[in-house]
């Protein structure tokens with residue numbers, strides 16, 4: 001209901017909505033422009049061609065765009081904790097998590113989703129891949145699972161803000177910073193970092209592992225191929241842990257005392 005209210009408010013000014021959506025599209029597209037400029041000087045990046053890197057970009061960009069659309073407002077929780085306006089959400093007959101996620105719901109974020117999907121479509125059309133049924137099915141599964149993983153990161157970061165109160169930039173380092181990291185091949189980075197985003201903060205399951213299997217690329221950690229099909233399980237596990245973190249953070253909330 002809250003999200004619907006914001007959507008109706010946005011659509012009351014359709015020209016403004018169109019311009020802000022296009023602005024969101026253009027701003028994120030510059031990330032891919034930087035990649036294209038890089039490939040204007042080199043033929044490959046750590047053995048990966050431009051369509052293959054674009055495939056990574058499209059998977060992570062679309063997954064993150066969906067998560068940002070659905071639950072991106074969680075980054076504003078710290079402000080509500082500091083000024084005490086979270087109290088108004090606690091007395092309403094609706095889950096606090098859903099209210100925070102729907103607060104100032106920004107439909108313009110569809111621009112990021114559209115941009116990521118277009119790059120993904122372009123990459124698929126340029127890749128020299130034998131598209132079997134498992135590979136075709138794995139793509140939407142990876143996107144939806146990646147969305148779930150990023151949603152879990154958003155919620156966990158919001159839960160941390162119950163303690164830190166001013167940690168939006170720390171949260172952004174793992175959300176926006178995470179999707180930027182995933183736009184590049186895993187072979188570009190040190191193995192310690194690859195291990196970290198595989199076993200500690202499992203962002204690698206958003207696109208690195210499924211894309212490596214689809215493209216026939218070896219993963220730097222020499223992991224079994226069947227892990228490429230585990231993003232749904234990883235997403236469920238991440239969401240469960242994020243839910244526990246959220247409940248613990250909410251129980252620790254003591255208002256501002258004013």
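The values are calculated or read from the model by the stated rules, or taken from the named source; none is laboratory data. Quantities reported herein were computed from a predicted structural model and do not represent experimental measurements. Heads up, the Cβs are rebuilt from the backbone with ideal geometry, glycines too, and the neighbour counts pull from every protein chain shown.
Report every pair of residues separated by at least 6 positions or lying on different chains whose Cβ atoms are under 7 Å apart, first residue within segment 85-104 and in contact (Cβ under 8 Å) with a residue 12 or more places away in the chain, second assigned to a loop (DSSP other than H, G, I, E, B).
Cβ pairs passing all conditions: 86/253; 87/255; 99/92.
I'd like the residue in segment 233-242 that is in contact (Cβ under 8 Å) with a residue 12 or more places away in the chain and surrounded by 15 or more Cβ atoms within 10 Å (Cβ to Cβ) and, out of all such residues, is nearest to residue 86 (Cα to Cα).
The extreme case among them is 242.
Residues to consider are 72, 23, 61; find the one that is at pLDDT 85 or above and in a helix (DSSP H, G or I).
Result: 61 is the single residue among 72, 23, 61 that is at pLDDT 85 or above and in a helix (DSSP H, G or I).
Among the candidates 158, 142, which residue alone is farther than 28 Å from residue 46 by Cβ and either out of contact with any strand residue (DSSP E or B) (no Cβ under 9 Å at 6 or more places or on another chain) or assigned to a helix (DSSP H, G or I) (or both)?
Among 158, 142, only 158 is farther than 28 Å from residue 46 by Cβ and either out of contact with any strand residue (DSSP E or B) (no Cβ under 9 Å at 6 or more places or on another chain) or assigned to a helix (DSSP H, G or I) (or both).
Answer yes if at least one residue in segment 144-162 is under 18 Å from the mean Cα position of the chain (by Cα), crowded, with 16+ Cβ neighbours inside 10 Å and either free of Cβ contacts under 8 Å to residues at least 12 places away in the same chain or within 21 Å of residue 51 (Cα to Cα) (or both), and no otherwise.
Yes.
Only one of these conditions is not met by residue 245: (1) surrounded by 15 or more Cβ atoms within 10 Å (Cβ to Cβ); (2) closer than 24 Å to residue 140 by Cβ. Which number is it?
Evaluating residue 245 over (1) surrounded by 15 or more Cβ atoms within 10 Å (Cβ to Cβ); (2) closer than 24 Å to residue 140 by Cβ leaves (2) as the failure.
What are the residues in segment 163-200 that are assigned to a helix (DSSP H, G or I), over 10 Å from the mean Cα position of the chain (by Cα) and crowded, with 16+ Cβ neighbours inside 10 Å, if any?
The initial filter retains those residues of segment 163-200 that are assigned to a helix (DSSP H, G or I), namely 163-164, 168-181, 186-188, 191-200.
Within this subset, residues satisfying the condition of being over 10 Å from the mean Cα position of the chain (by Cα) are 163-164, 168-173, 181, 186-188, 191-200.
If the condition is that a residue be assigned to a helix (DSSP H, G or I), over 10 Å from the mean Cα position of the chain (by Cα) and crowded, with 16+ Cβ neighbours inside 10 Å, then 168, 171, 181, 186, 187, 194, 197, 198 are the ones that fit.
I'd like to know if segment 212-219 contains one or more residues that are assigned to a loop (DSSP other than H, G, I, E, B), under 21 Å from residue 48 (Cα atoms) and touching a residue at least 40 places away in the same chain (Cβ under 8 Å).
yes
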